[in-house]
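S.K.: Attaching a single structure in structure tokens format; questions to follow.
Coordinate-derived values only; no laboratory data. If you're wondering where the values come from, they're calculated on a predicted model, not measured in any experiment. Cβ sites come from the backbone with ideal geometry, for glycine too, and all protein chains shown count toward neighbours.
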2 protein chains.
Amino acid sequence: MGPGPSDVSPRVLSALARPTIGHLDPQFQALMEEIKAALQRLFNAPDHACVPLPAPGTAGMEAAIMNLLEPGDRCVVAINGAFGGRMADMAGRAGATVVTVDHDWGLPVDVARVEAALSGAPTKVLAFVHAETSTGARSDAASLCAVARKHGALSVVDCVTSLGGIVVDVAAWDADVVYSGTQKCLSAPPGLSPIALSKRAQAAISGRKEKVRNWLLDFNLLMSYWGGEGGRTYHHTAPINALYGLHEALVAIFEEGQQAAIVRHARTHEALVAGIEAAGLSMLVAEKDRLPQLNTVRVPDGVDEAAVRTHVLKHWDLEIGAGLGPLKGQVWRIGLMGASATAWHVRLCLTALCEALNAQGFKADAQAALAAADGKLG
Amino acid sequence: MGPGPSDVSPRVLSALARPTIGHLDPQFQALMEEIKAALQRLFNAPDHACVPLPAPGTAGMEAAIMNLLEPGDRCVVAINGAFGGRMADMAGRAGATVVTVDHDWGLPVDVARVEAALSGAPTKVLAFVHAETSTGARSDAASLCAVARKHGALSVVDCVTSLGGIVVDVAAWDADVVYSGTQKCLSAPPGLSPIALSKRAQAAISGRKEKVRNWLLDFNLLMSYWGGEGGRTYHHTAPINALYGLHEALVAIFEEGQQAAIVRHARTHEALVAGIEAAGLSMLVAEKDRLPQLNTVRVPDGVDEAAVRTHVLKHWDLEIGAGLGPLKGQVWRIGLMGASATAWHVRLCLTALCEALNAQGFKADAQAALAAADGKLG
């Protein structure tokens, strides 16, 4: 129950162990087509090219930035946590002129400040994180994509932690490049990064003056491998077994229903928050901006935050995440992602956390916490 | 039995399906340490930093090129097949001045011509492929690394197809950056790229003037994640389940013995070649330069090479690789890699191939082919 990877269900684990076939085998190519279609549905991006990149979520970020930006392009990056900062670093490596809009950690991205930065000069790309895993804050992707379009910029939206847990609606946002990871709310193992590219983004990439500074993630090459129009051009050897796992995870999501999964995430989050507050703790992020799948809980004064994490790992085999950057030592990060977003997980976590807090001398009433959570679980 | 992925054994498939734990969990960190040590042993690189990169073998190539080269550096690339060409493309994307030494496909790299290119001007990197998967030719890595050192260049050696199938001896070669994939002679699923870096290479990377044009594969960042000296710095989410599979594959290799596996590859190769020749076919590569794990067989005049591949896939569920680039339509590529390098595979392949050839009107005597192979299998 850290910031990821989330629990992977037995059916997905079992799919990983299917025999490895050739990546150019017609049967495997049929699986590739199914995955592409399922990702279009999951992102709600029927007009985007959707493929899973053969590396963890960071590869989605790197692919978006490196494919869109050329030396001298202006890029505005909203930074409200660790992952916005990473985008800015990558944009510099792409040779872009990077303008950052910096926020205190825990806040959502400020649309007005981003628009002011976009107004400063012609801008190729606006990049931001929809669901900041380092803080638990949700930003307004629809409004941010709209200001990008208004100022003629392509939008890059990091949905690593949001996809599958809250609404991700690429078509409604009219977003350009949106990527995610498999190890958060999709509950597949880490190692792949689903990505969606608009026609505008594809045109920008195929019209580049310089080659992309990344061969493995160059969409001009990748699309002739995943393109599906007749004979595929060999590019890399796809991670066959990881793709079996992703396929099964996607089947499971559509069996439950995307909307049902989002409701489940919201409900377990409300229960966890009720329990956290009943235990005498408080949340970092304002209620309206909270991510249900990533809960940042303030460490009370006088409590050794690392000792609490060690306690729950040792006695309950339960992982809770530490704070990153300026939040180091200040918060715990509790994930409720995918197969980990259940009433059982909420009750286990509250029980373990209260025990660990009491061991530290902080009085946390586990019975009250569980009762408050149960009140929301219904 | 194509150019990869090779068959994955049930024990490795089963390891893939172990429960996904957190990538910062102490148990997982212990597994990381075991993998690092096993890779040092496998590469025979006790003084190199050895880690598995979180993407297929192409990521090893990209990491080597992008980390070592800065804009303006001179790079000599030997091209004797598809993968040398890919290295040259990447070196250009790194901003290097690229000098290629081009060979006809099917030939090993010519050490004298490479040395002449190195003599032309101060050179930062010599890059070449040890075992060209597109042609089946083996090059002399020891001599090529020696001429690189003589001329003050760092050596980058592509061992994607060689590692585990023929001798890879990084310490004896005194090679700088050596990488491989998991889906060839290691018989784990595709998706990871083991890489070894010498102290010279590490110093060159930490002393760069510009940032690496790749965040995910930047060794300055990667080494503080995989470094192992106390607290790890979060970088990316490791592909946990894929690493379970690699770990099990490494255990299996050491159980058999590295030398025993190399002898097994050599013996099955000799049997396959004997059978191929008894069937009236011939090999592309000269005997002294052949890779046991990748056998390029000339397509006889009048035979439809694609129809043969389709036949063996349809009737025998057996994959044989097509020729790439200038060898398209000219050769078949038959892999004998890792768990696919067995007498059973040799006999199956000869039987299927002879049947397909006869269906095409080319008289291939399957009995003679099997007898010739059996003579080598003993």
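S.K.: For segment A:128-134, just list the computed ³J(HN,Hα) in residue order, Karplus coefficients 6.51, -1.76 and 1.60, θ = phi - 60°, integers in Hz, with x standing in for Gly and Pro.
M.R.: My calculation for segment A:128-134 gives 7, 9, 5, 10, 6, 5, 7 Hz in order.
S.K.: Put a label point 7 Å from Cα along the Cβ direction on A:ALA37, then list its distances to the equivalent points in the other copies in nm, shortest first.
M.R.: Taking the point 7 Å beyond Cα along Cα→Cβ, the inter-copy spacings are 4.9 nm.
S.K.: If you project the alpha carbons of segment B:50-145 onto the principal axes, what extent comes out on each, in Å, largest first?
M.R.: Principal axes ranked by extent give 31, 30, 22 Å for the Cα atoms.
S.K.: If you don't mind, another one. Of B:TRP316, B:TRP332, B:TRP105, which is the most mobile in a GNM of chain B whose springs link Cα atoms less than 10 angstrom apart?
M.R.: Of B:TRP316, B:TRP332, B:TRP105, the Gaussian network model singles out B:TRP316 as fluctuating most.
S.K.: Let me ask another. At B:THR233, with labels set 7 Å past Cα in the Cβ direction, how many nm apart are the copies from this one, shortest first?
M.R.: Spelled out, the distances from B:THR233's label point are 3.7 nm.
S.K.: Continuing with the same structure: Once every DSSP H run of n ≥ 4 in chain A is given -39500 (n - 2.57) and the sum is divided by its residues, what mean residue ellipticity at 222 nm do you get, rounded to the nearest 500 deg cm²/dmol? Can you show the working numbers first?
M.R.: Details: 14 runs with 166 residues, N = 378.
Estimated from H runs of four or more residues: -13500 deg cm²/dmol.
S.K.: Mind ordering B:16-27, B:367-378 by average Cβ neighbours within 10 Å, highest first? Kindly include the intermediate steps, with their values, before the conclusion.
M.R.: Working: B:16-27: 19.0, B:367-378: 17.0.
Ranking the peptides B:16-27, B:367-378 by packing returns B:16-27, B:367-378.
S.K.: Distances from B:ASP304 to the same residue in each other copy, label points 7 Å out along Cα→Cβ, in nm, shortest first?
M.R.: Nearest first, the other copies' label points are 7.5 nm away.
S.K.: Roughly how big is chain B's charge dipole about its Cα centre, with Cβ charges of +1 (Lys, Arg) and -1 (Asp, Glu), in debye to the nearest 20? List each step's numbers first, then the result.
M.R.: On the way: 32 positive and 37 negative charges, 99 e Å.
Using Cβ point charges on Lys, Arg, Asp and Glu, chain B gives about 480 debye.
S.K.: A further question follows. If amide H atoms are built 1.01 Å from N in the plane of the peptide, which residues on other chains or at least 5 residues away come under 5 Å of the amide H of A:ASP102?
M.R.: A:ILE79
S.K.: With respect to the cross-link table entries A:LYS124/A:LYS209; B:LYS36/B:LYS199; A:LYS150/A:LYS184; A:LYS150/A:LYS288, which display a Cα-Cα separation exceeding 21 Å? Numbers along the way, then the final one.
M.R.: Details: A:LYS124/A:LYS209 14 Å; B:LYS36/B:LYS199 16 Å; A:LYS150/A:LYS184 32 Å; A:LYS150/A:LYS288 26 Å.
Result: A:LYS150/A:LYS184; A:LYS150/A:LYS288 exceed 21 Å.
S.K.: Which log10 I(q)/I(0) values does segment A:258-377 give at q = 0.16 Å⁻¹ under the Debye formula, counting every alpha carbon as one identical point scatterer?
M.R.: -0.69
S.K.: Further, regarding this structure: State, as an integer percentage, the relative contact order of segment A:68-115 based on alpha-carbon contacts under 8 Å between residues 6 or more apart.
M.R.: Numbers: 73 pairs, mean separation 21.1, N = 48.
Relative contact order here is 44 percent.
S.K.: Compute log10 of I(q)/I(0) for the protein assembly as shown with the Debye formula, placing one identical point scatterer on every Cα and leaving out solvent, at q = 0.12 Å⁻¹, to two decimals.
M.R.: At q = 0.12 Å⁻¹ the computed log10 ratios are -1.35.
S.K.: OK, next. Which of the trypsin sites (Lys or Arg not before Pro) found in segment B:209-308 are loop residues per DSSP with 13 or fewer other Cβ atoms within 10 Å of their Cβ? Numbers along the way, then the final one.
M.R.: Values: sites: B:LYS209, B:LYS211, B:ARG213, B:ARG232, B:ARG264, B:ARG267, B:LYS288, B:ARG290, B:ARG298; in loops: B:LYS209, B:LYS211, B:ARG213, B:ARG232.
Those satisfying the criteria are B:LYS209.
S.K.: I would also like to ask the following. Reported to two decimal places, what Rg/Rh ratio describes chain A when computed on Cα atoms with Rh from the Kirkwood expression? Can you show the working numbers first?
M.R.: On the way: Rg = 20.9 Å, Rh = 21.2 Å.
Rounded to two decimals, Rg over Rh is 0.99.
S.K.: Continuing with the same structure: Relative contact order for chain B: what percent, with Cα pairs under 8 Å and sequence separation of 6 or more?
M.R.: Values: 793 pairs, mean separation 82.2, N = 378.
Over chain B, the number comes to 22 percent.
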